[in-house]
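Taking it in order: structure first as structure tokens, then the write-up.
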Amino acid sequence: MTPASPVPYRLTRVGVVMTPEPGNPDEAEGVLNPASGRGPDGRLYLLPRLVSEGNVSRVGLARVVVEDGVPVSVEREGVVLAPDRGWERGADNAGTEDPRTTWIEALGLHVMTYVAYGPLGPRTAVAVSDDLREWRRLGPVLFRYQEDLDMDLNLFHNKDTVFFPEPVTAPDGTEALAVLHRPMWDLGETKPGQGVRVPAGVEDERQSIWISYVPLAAVRDDLSALTLWGQHHFVAGPEFAFEELKIGGGPPPLRIPEGWLVLHHGVTGVIDGAFSQQQKVNYAAGALILDATDPRRVLARTPEPLLAPETDDERSGIVPNVVFPTAIEEIDGRHFVFYGMADSKIGVALLERTD
């Protein structure tokens, strides 16, 4: 267990920046959980998850309107990723969901991880872009076999994946791109009767944050290497009351003096069915600080949430009682966090140091 050392940051609500557009069929069941980035024009954009009737998700593009240094609304610019590949569509489901976008300077590219909701359920996929508008799919992620885990991570659904913005040193000493992810250990979600399986050495079956690595040299040789992850390691699991059911990663890690600041979500309540729109859960936002040189190490974490569902927009929606952070951007020297509100709208909060 990680000691609850101080995390010198707070989140303060600013407002709602995006709500479903009346009459827009792509947004009939909400706008939520955006990625973000700066375009070649220097302007700030969100890439929101747009949910149409039947819970089918697409990734949109919307320019952020800023007034007096504060994001206040957006201007829509269409859809940039839709579930139009066979592995993003099942017989009764489809979706390109919950994008996270990291600008990786070492590649000169925005790297998007997203959930491809295909024939066997949710699977992480990767796409890249240099302008946020045209995205090249690299395909679903594959996990290298790791003998000490005695388990093939490719068997499991996986969500909440996000790349670090800078290369780090991998456990084998090579320069690598690191990525956080959240395996889901219940194989019964894919094949009924298989039950929960966990890797060797894992005693807590609850969904937790893991880290994997991609050799930077391999990616420079062939971008498709971004989909082949190795050197898997547990990072953090549920420890505090607001994380009782599970935790998962949020926006791209932010480099701070102490290391890497990782905003995450913690979940409490009752889950009814693996992939249905839940009604009895509570999602709140917390924070971890990971070691700068070895991000497998947790240096500090919040025993209480930095932001929990309190406003009407956060407590009432498609999935009530949800605060789900997915993007961090700097505007005029200040950092703002964009987050999903009750799976229906997008809010923004100011991230500030408290010391």
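Every read-out reported here was derived from the displayed coordinates using simple, explicitly stated rules and does not represent laboratory data. Predicted model, so just to flag it, every value in this text is computed and none were measured. Every residue, glycine among them, receives a Cβ derived from its backbone with ideal geometry; neighbour counts consider all protein chains shown.
Its relative contact order, with pairs defined as Cα atoms under 8 Å and 6+ residues apart, puts the stretch 75-170 at 25 percent.
Over the residues of the chain, the helix contribution to mean residue ellipticity at 222 nm works out to -500 deg cm²/dmol, using -39500 (n - 2.57) for each DSSP H run of at least 4. Our summary gives the chain a relative contact order of 18 percent, counting only alpha carbon pairs under 8 angstrom and 6 or more residues apart. Comparing Val126, Val16, Val270 in a Gaussian network model of the chain where C-alpha atoms under 10 Å apart are linked, the largest mean-square fluctuation is found at Val270.
Listed values for the stretch 303-320 are Karplus-derived 3J(HN,Hα) couplings in whole Hz (6.51 cos²θ - 1.76 cosθ + 1.60, θ = phi - 60°), namely x, 10, x, 7, 8, 10, x, 9, 7, 4, 5, 8, 9, 10, x, 4, 10, x, and x replaces Gly and Pro. Listed values for the stretch 204-219 are Karplus-derived 3J(HN,Hα) couplings in whole Hz (6.51 cos²θ - 1.76 cosθ + 1.60, θ = phi - 60°), namely 9, 7, 6, 5, 9, 8, 10, 10, 9, 9, 10, x, 4, 4, 5, 5, and x replaces Gly and Pro. When only the Cβ of Lys, Arg, Asp and Glu is charged (+1, +1, -1, -1), the dipole of the chain relative to its Cα centre reaches about 220 debye. Using θ = phi - 60° in the Karplus curve 6.51 cos²θ - 1.76 cosθ + 1.60, the 3J(HN,Hα) couplings for the stretch 337-347 round to 10, 9, 8, x, 10, 6, 6, 9, 9, 10, x Hz; x is entered for Gly and Pro.
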